[in-house]
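Accompanying notes for the structure given below.
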Amino acid sequence: MIDYDPFEEFRDPQTYDLEDEGYYDDYPLTEQWARSLGGPLLDLACGTGRMALRMAKLGYQVTGVDIMPEMIEWARQKALRQGVSIDWVVADARTFHLQKQFPFIYMLENVFQFFLTRADQEAMLARVREHMLPQGCFLFETRNPSSRNLLQVRHPDPPKYTLPDGGHLLTTEEQYYDPMTQIQHYTRHLTFLHKAGQQEEKTLRTALRYVFPQEMEALLYYNGFQIRSCYGSWQQEPLTATSPAMIYVCQVLSSPATSSAVGRNGSSSFSSHNPRGARSALLSPIHVWNHQARAETI
Ligand SMILES: C[S@@+](CC[C@H](N)C(=O)[O-])C[C@H]1O[C@@H](n2cnc3c(N)ncnc32)[C@H](O)[C@@H]1O
(Lines give C-alpha, C1' and ligand atoms only; values in the text may rest on other atoms or scores of the structure.)
Protein backbone atom coordinates (compact mmCIF):
# COMPACT_ATOMS: atom_id res chain seq x y z
CA MET A 1 0.00 0.00 0.00
CA ILE A 2 2.92 2.35 0.71
CA ASP A 3 6.53 1.97 -0.34
CA TYR A 4 8.17 4.14 2.33
CA ASP A 5 8.61 4.17 6.09
CA PRO A 6 5.74 6.26 7.49
CA PHE A 7 7.24 6.23 11.01
CA GLU A 8 10.51 7.91 10.14
CA GLU A 9 9.56 11.07 12.02
CA PHE A 10 9.34 9.05 15.24
CA ARG A 11 13.00 7.95 15.04
CA ASP A 12 14.03 11.44 16.13
CA PRO A 13 11.94 12.11 19.27
CA GLN A 14 13.77 15.34 20.16
CA THR A 15 12.77 16.96 16.86
CA TYR A 16 9.28 15.48 17.25
CA ASP A 17 8.98 17.19 20.65
CA LEU A 18 10.27 20.46 19.25
CA GLU A 19 7.46 20.53 16.69
CA ASP A 20 4.84 19.25 19.17
CA GLU A 21 5.74 21.61 21.99
CA GLY A 22 2.93 23.73 23.34
CA TYR A 23 0.12 21.46 22.16
CA TYR A 24 -2.32 21.07 25.06
CA ASP A 25 -5.77 21.23 23.41
CA ASP A 26 -6.67 17.69 24.46
CA TYR A 27 -5.73 18.08 28.15
CA PRO A 28 -9.05 19.35 29.60
CA LEU A 29 -11.42 16.82 28.01
CA THR A 30 -9.09 13.85 28.51
CA GLU A 31 -8.58 14.84 32.14
CA GLN A 32 -12.34 15.19 32.65
CA TRP A 33 -12.89 11.65 31.39
CA ALA A 34 -10.02 10.36 33.54
CA ARG A 35 -11.58 12.01 36.60
CA SER A 36 -14.95 10.53 35.78
CA LEU A 37 -13.67 6.98 35.10
CA GLY A 38 -10.64 6.76 37.39
CA GLY A 39 -7.30 5.02 36.90
CA PRO A 40 -5.13 3.20 36.20
CA LEU A 41 -4.81 4.68 32.72
CA LEU A 42 -3.54 3.19 29.48
CA ASP A 43 -2.00 5.74 27.10
CA LEU A 44 -1.99 3.90 23.79
CA ALA A 45 0.63 5.08 21.28
CA CYS A 46 1.90 7.42 23.98
CA GLY A 47 4.75 8.87 21.92
CA THR A 48 7.21 10.81 24.06
CA GLY A 49 4.77 10.78 26.96
CA ARG A 50 3.12 14.17 26.49
CA MET A 51 -0.16 13.12 28.16
CA ALA A 52 1.22 10.17 30.18
CA LEU A 53 3.56 12.51 32.08
CA ARG A 54 0.75 14.95 32.67
CA MET A 55 -1.56 12.24 34.02
CA ALA A 56 1.15 10.75 36.23
CA LYS A 57 1.76 14.20 37.73
CA LEU A 58 -1.97 14.40 38.47
CA GLY A 59 -1.56 11.22 40.52
CA TYR A 60 -2.72 8.49 38.13
CA GLN A 61 -0.94 5.23 37.67
CA VAL A 62 -0.17 5.23 33.92
CA THR A 63 1.00 2.64 31.41
CA GLY A 64 2.35 4.08 28.16
CA VAL A 65 2.56 1.83 25.10
CA ASP A 66 4.27 2.79 21.85
CA ILE A 67 5.65 0.88 18.90
CA MET A 68 8.77 3.06 18.53
CA PRO A 69 11.63 2.27 20.95
CA GLU A 70 13.12 5.72 20.29
CA MET A 71 9.92 7.47 21.45
CA ILE A 72 9.65 5.30 24.57
CA GLU A 73 13.33 5.78 25.46
CA TRP A 74 12.99 9.55 25.23
CA ALA A 75 9.75 9.42 27.24
CA ARG A 76 11.54 7.34 29.89
CA GLN A 77 14.35 9.91 30.13
CA LYS A 78 11.82 12.76 30.43
CA ALA A 79 9.96 10.90 33.21
CA LEU A 80 13.24 10.34 35.07
CA ARG A 81 14.17 14.01 34.75
CA GLN A 82 10.71 15.07 35.93
CA GLY A 83 10.66 12.54 38.80
CA VAL A 84 7.51 10.67 37.72
CA SER A 85 6.99 6.95 37.50
CA ILE A 86 5.25 5.40 34.49
CA ASP A 87 5.18 1.85 33.11
CA TRP A 88 6.66 2.21 29.63
CA VAL A 89 6.09 -0.60 27.14
CA VAL A 90 7.45 -0.89 23.60
CA ALA A 91 4.69 -2.72 21.76
CA ASP A 92 2.44 -2.59 18.73
CA ALA A 93 -1.13 -1.45 19.52
CA ARG A 94 -2.35 -4.19 17.17
CA THR A 95 -0.69 -7.07 19.02
CA PHE A 96 0.12 -6.15 22.63
CA HIS A 97 -1.03 -8.15 25.67
CA LEU A 98 -0.48 -6.63 29.11
CA GLN A 99 -2.62 -9.09 31.10
CA LYS A 100 -4.24 -6.07 32.73
CA GLN A 101 -7.49 -4.12 32.28
CA PHE A 102 -8.12 -0.41 32.60
CA PRO A 103 -11.17 1.79 33.25
CA PHE A 104 -9.86 4.38 30.80
CA ILE A 105 -7.77 3.96 27.66
CA TYR A 106 -6.95 6.94 25.48
CA MET A 107 -5.13 7.33 22.16
CA LEU A 108 -4.39 10.95 21.26
CA GLU A 109 -3.07 13.13 18.43
CA ASN A 110 -4.80 11.30 15.59
CA VAL A 111 -2.96 8.02 16.10
CA PHE A 112 -6.08 6.29 14.74
CA GLN A 113 -4.94 7.49 11.31
CA PHE A 114 -1.78 5.38 11.46
CA PHE A 115 -3.90 2.23 11.15
CA LEU A 116 -4.06 2.22 7.38
CA THR A 117 -6.28 -0.79 6.69
CA ARG A 118 -9.44 -2.22 8.20
CA ALA A 119 -7.40 -5.21 9.41
CA ASP A 120 -5.05 -2.87 11.29
CA GLN A 121 -7.93 -0.86 12.77
CA GLU A 122 -9.71 -4.02 13.86
CA ALA A 123 -6.59 -5.57 15.40
CA MET A 124 -6.06 -2.40 17.46
CA LEU A 125 -9.73 -2.27 18.51
CA ALA A 126 -9.56 -5.93 19.59
CA ARG A 127 -6.55 -5.15 21.82
CA VAL A 128 -8.40 -2.16 23.28
CA ARG A 129 -11.40 -4.41 24.09
CA GLU A 130 -9.07 -6.94 25.70
CA HIS A 131 -7.52 -4.29 27.95
CA MET A 132 -10.72 -2.45 28.93
CA LEU A 133 -12.71 -3.10 32.11
CA PRO A 134 -16.38 -3.91 31.39
CA GLN A 135 -17.57 -0.37 32.22
CA GLY A 136 -14.43 1.25 30.85
CA CYS A 137 -14.11 3.77 28.03
CA PHE A 138 -11.80 4.31 25.09
CA LEU A 139 -11.22 7.90 23.97
CA PHE A 140 -9.54 8.64 20.66
CA GLU A 141 -9.50 11.26 17.97
CA THR A 142 -9.04 11.25 14.23
CA ARG A 143 -9.15 14.13 11.77
CA ASN A 144 -12.52 14.78 10.22
CA PRO A 145 -12.37 14.08 6.46
CA SER A 146 -13.73 17.56 5.71
CA SER A 147 -12.75 19.12 2.42
CA ARG A 148 -10.53 21.47 4.41
CA ASN A 149 -8.58 18.61 6.03
CA LEU A 150 -8.42 16.54 2.85
CA LEU A 151 -7.63 19.18 0.28
CA GLN A 152 -6.09 22.25 1.87
CA VAL A 153 -2.48 22.45 3.02
CA ARG A 154 -2.13 22.11 6.78
CA HIS A 155 0.41 24.89 7.27
CA PRO A 156 0.13 27.62 4.61
CA ASP A 157 2.85 29.57 6.48
CA PRO A 158 5.79 27.18 6.92
CA PRO A 159 6.43 26.80 10.66
CA LYS A 160 9.80 27.76 12.15
CA TYR A 161 11.18 26.35 15.41
CA THR A 162 14.13 27.27 17.60
CA LEU A 163 16.68 24.47 17.97
CA PRO A 164 18.28 23.68 21.36
CA ASP A 165 21.59 25.14 20.03
CA GLY A 166 19.82 28.44 19.23
CA GLY A 167 19.61 27.70 15.49
CA HIS A 168 16.38 27.20 13.56
CA LEU A 169 14.32 24.43 12.03
CA LEU A 170 12.23 25.28 8.95
CA THR A 171 9.63 22.87 7.59
CA THR A 172 7.63 22.70 4.39
CA GLU A 173 5.12 20.06 3.36
CA GLU A 174 3.38 18.58 0.30
CA GLN A 175 0.37 16.32 0.39
CA TYR A 176 -1.45 13.93 -1.88
CA TYR A 177 -4.82 12.35 -1.04
CA ASP A 178 -5.73 8.99 -2.56
CA PRO A 179 -9.56 8.76 -2.41
CA MET A 180 -9.59 5.00 -2.99
CA THR A 181 -7.47 4.08 0.03
CA GLN A 182 -8.58 7.22 1.93
CA ILE A 183 -4.92 7.79 2.70
CA GLN A 184 -3.30 11.20 2.76
CA HIS A 185 0.42 11.03 1.91
CA TYR A 186 2.60 13.78 3.31
CA THR A 187 6.16 14.63 2.34
CA ARG A 188 7.84 17.01 4.78
CA HIS A 189 11.14 18.76 4.17
CA LEU A 190 13.04 19.80 7.28
CA THR A 191 15.94 22.25 7.12
CA PHE A 192 18.07 22.50 10.26
CA LEU A 193 20.04 25.76 10.33
CA HIS A 194 22.47 25.22 13.18
CA LYS A 195 23.88 28.10 15.18
CA ALA A 196 27.45 27.16 14.21
CA GLY A 197 26.52 27.65 10.56
CA GLN A 198 26.08 24.13 9.27
CA GLN A 199 22.88 23.16 7.45
CA GLU A 200 21.18 19.74 7.53
CA GLU A 201 18.26 18.54 5.36
CA LYS A 202 15.81 15.73 6.06
CA THR A 203 12.79 14.45 4.14
CA LEU A 204 10.14 12.58 6.09
CA ARG A 205 7.06 10.86 4.75
CA THR A 206 3.84 9.98 6.54
CA ALA A 207 0.64 8.19 5.56
CA LEU A 208 -2.60 9.01 7.35
CA ARG A 209 -5.81 7.10 6.79
CA TYR A 210 -9.12 8.96 6.93
CA VAL A 211 -12.36 7.39 8.15
CA PHE A 212 -15.77 8.96 7.45
CA PRO A 213 -18.26 9.43 10.31
CA GLN A 214 -20.77 6.76 9.29
CA GLU A 215 -17.90 4.39 8.45
CA MET A 216 -16.50 4.96 11.94
CA GLU A 217 -19.82 4.21 13.56
CA ALA A 218 -20.06 0.92 11.65
CA LEU A 219 -16.43 0.02 12.32
CA LEU A 220 -16.88 0.53 16.05
CA TYR A 221 -20.22 -1.25 16.13
CA TYR A 222 -19.05 -4.35 14.29
CA ASN A 223 -16.02 -4.52 16.54
CA GLY A 224 -18.17 -4.61 19.66
CA PHE A 225 -18.19 -0.94 20.69
CA GLN A 226 -20.93 1.57 21.22
CA ILE A 227 -20.29 5.27 21.00
CA ARG A 228 -20.96 7.01 24.28
CA SER A 229 -19.90 10.51 23.23
CA CYS A 230 -18.66 12.16 20.14
CA TYR A 231 -17.20 15.64 19.72
CA GLY A 232 -16.06 17.75 16.78
CA SER A 233 -13.36 19.55 18.73
CA TRP A 234 -11.52 19.45 22.03
CA GLN A 235 -13.79 22.32 23.10
CA GLN A 236 -16.59 19.72 23.16
CA GLU A 237 -18.47 21.11 20.16
CA PRO A 238 -20.76 18.70 18.30
CA LEU A 239 -19.31 16.95 15.26
CA THR A 240 -20.40 18.68 12.06
CA ALA A 241 -19.29 18.52 8.43
CA THR A 242 -16.72 21.26 9.03
CA SER A 243 -15.40 20.15 12.43
CA PRO A 244 -11.62 19.81 12.61
CA ALA A 245 -11.72 16.53 14.52
CA MET A 246 -13.79 13.46 15.26
CA ILE A 247 -13.32 12.63 18.95
CA TYR A 248 -14.97 9.48 20.24
CA VAL A 249 -15.53 8.03 23.67
CA CYS A 250 -16.77 4.48 23.29
CA GLN A 251 -17.58 1.53 25.48
CA VAL A 252 -17.74 -2.19 24.93
CA LEU A 253 -21.27 -3.23 23.97
CA SER A 254 -22.58 -4.35 27.33
CA SER A 255 -24.45 -7.56 26.64
CA PRO A 256 -24.77 -9.14 23.24
CA ALA A 257 -28.32 -10.20 24.15
CA THR A 258 -29.53 -6.66 24.75
CA SER A 259 -26.97 -4.55 23.00
CA SER A 260 -27.80 -2.02 20.41
CA ALA A 261 -26.19 1.15 19.21
CA VAL A 262 -29.18 3.19 20.27
CA GLY A 263 -28.16 6.58 21.62
CA ARG A 264 -29.53 8.35 24.66
CA ASN A 265 -31.45 10.68 22.42
CA GLY A 266 -33.14 7.72 20.80
CA SER A 267 -31.23 8.09 17.57
CA SER A 268 -30.23 4.67 16.52
CA SER A 269 -28.03 3.01 14.04
CA PHE A 270 -28.34 -0.74 14.18
CA SER A 271 -30.21 -2.91 16.59
CA SER A 272 -28.94 -6.42 16.67
CA HIS A 273 -28.61 -9.34 19.02
CA ASN A 274 -25.08 -9.88 17.92
CA PRO A 275 -22.78 -6.96 17.20
CA ARG A 276 -20.87 -9.02 14.68
CA GLY A 277 -23.83 -10.95 13.41
CA ALA A 278 -26.03 -10.37 10.41
CA ARG A 279 -28.80 -7.84 10.78
CA SER A 280 -32.08 -7.84 9.08
CA ALA A 281 -31.58 -4.77 6.94
CA LEU A 282 -34.80 -5.29 5.03
CA LEU A 283 -36.99 -5.38 8.13
CA SER A 284 -35.31 -2.53 9.99
CA PRO A 285 -36.06 1.12 9.40
CA ILE A 286 -33.07 2.96 8.03
CA HIS A 287 -31.45 5.32 10.51
CA VAL A 288 -28.42 7.47 10.08
CA TRP A 289 -26.45 7.77 13.27
CA ASN A 290 -26.66 11.34 14.48
CA HIS A 291 -23.24 12.43 15.63
CA GLN A 292 -24.33 15.97 16.44
CA ALA A 293 -26.57 14.93 19.29
CA ARG A 294 -23.83 13.14 21.20
CA ALA A 295 -21.37 15.76 22.39
CA GLU A 296 -21.82 14.82 26.04
CA THR A 297 -20.59 17.35 28.56
CA ILE A 298 -19.11 15.54 31.49
C1 LIG B 1 1.60 11.78 16.57
S2 LIG B 1 2.36 10.73 17.76
C3 LIG B 1 1.23 10.89 19.12
C4 LIG B 1 1.86 10.62 20.46
C5 LIG B 1 0.96 10.75 21.67
N6 LIG B 1 -0.25 9.96 21.53
C7 LIG B 1 0.59 12.19 21.96
O8 LIG B 1 -0.59 12.50 21.96
O9 LIG B 1 1.48 12.99 22.24
C10 LIG B 1 1.98 9.13 17.11
C11 LIG B 1 2.56 7.98 17.90
O12 LIG B 1 1.86 6.79 17.53
C13 LIG B 1 2.77 5.72 17.58
N14 LIG B 1 2.22 4.58 16.85
C15 LIG B 1 1.86 4.53 15.55
N16 LIG B 1 1.43 3.30 15.25
C17 LIG B 1 1.49 2.56 16.37
C18 LIG B 1 1.18 1.21 16.69
N19 LIG B 1 0.73 0.36 15.76
N20 LIG B 1 1.36 0.79 17.95
C21 LIG B 1 1.83 1.64 18.90
N22 LIG B 1 2.18 2.90 18.65
C23 LIG B 1 2.00 3.37 17.40
C24 LIG B 1 4.03 6.32 16.99
O25 LIG B 1 5.17 5.57 17.26
C26 LIG B 1 4.03 7.70 17.63
O27 LIG B 1 4.75 7.72 18.83
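The values are calculated or read from the model by the stated rules, or taken from the named source; none is laboratory data. Everything numeric in this text was worked out from a predicted model, so none of it was measured. As a convention, Cβ positions derive from the backbone with ideal geometry for all residues, glycine included, and neighbour counts pool all protein chains shown.
A few remarks follow.
- Flag for Gly64 being over 27 Å from Lys202 (Cβ atoms) and in the same structural domain as Val128 (by TED's automatic domain parsing): no
- Filtered by the rule that a residue be in contact (Cβ under 8 Å) with a residue 60 or more places away in the chain and under 30 Å from Tyr161 (Cα atoms), the stretch 203-232 gives Leu204, Arg205, Thr206, Ala207, Leu208, Arg209, Tyr210, Gly232.
- The set of residues in the stretch 5-61 being β-branched (Val, Ile, Thr) and either touching a His at 6+ places or on another chain (Cβ under 7 Å) or modelled with pLDDT under 95 (or both) consists of Thr15 alone.
- Taking the stretch 143-183 as the range and being crowded, with 17+ Cβ neighbours inside 10 Å and in contact (Cβ under 8 Å) with a residue 40 or more places away in the chain as the test, the residues that pass are Arg143, Asn144, Pro145, Ser146, Asn149, Leu169, Thr171, Ile183.
- Where a residue in the stretch 100-118 is more than 15 Å from Leu139 (Cβ to Cβ) and its partner, wherever it lies, is modelled with pLDDT of 95 or more and near the ligand (Cβ under 9 Å from one of its atoms), with Cβ under 6 Å and at least six apart: Phe115/Met124
- Of all residues making up the stretch 107-145, the number that are in a helix (DSSP H, G or I) and either within 21 Å of Met55 (Cα to Cα) or of a type outside the set (A, V, I, L, M) (or both): 12
- Selection from the stretch 95-106 of residues that are within 15 Å of the ligand (Cβ to nearest atom) and crowded, with 21+ Cβ neighbours inside 10 Å: Phe104, Ile105, Tyr106
- The set of residues in the stretch 38-94 being within 12 Å of the ligand (Cβ to nearest atom) and among the small types (Gly, Ala, Ser) consists of Ala45, Gly47, Gly49, Ala52, Gly64, Ala75, Ala91, Ala93.
- Just one of the listed residues (Leu44, Leu37) is within 20 Å of Phe96 (Cβ to Cβ), assigned by TED's automatic domain parsing to the domain that holds Val249 and crowded, with 19+ Cβ neighbours inside 10 Å, namely Leu44.
- Comparison of Val128, Val62, Val90, Val84 shows that the only residue that is surrounded by fewer than 20 Cβ atoms within 10 Å (Cβ to Cβ), of a type in the set (Val, Ile, Thr) and farther than 19 Å from Phe7 by Cβ is Val84.
- Any chance Lys78 is farther than 30 Å from Tyr210 by Cα and surrounded by 16 or more Cβ atoms within 10 Å (Cβ to Cβ): yes
- Residue under evaluation Pro164, criteria (1) under 23 Å from Gly22 (Cβ atoms); (2) touching a helix residue (DSSP H, G or I) at 6+ places or on another chain (Cβ under 7 Å); (3) assigned to a loop (DSSP other than H, G, I, E, B), criterion not met: (2)
- Tallying residues that are under 18 Å from the mean Cα position of the chain (by Cα) and away from the ligand (no atom under 13 Å from the Cβ) within the stretch 1-28 yields 1.
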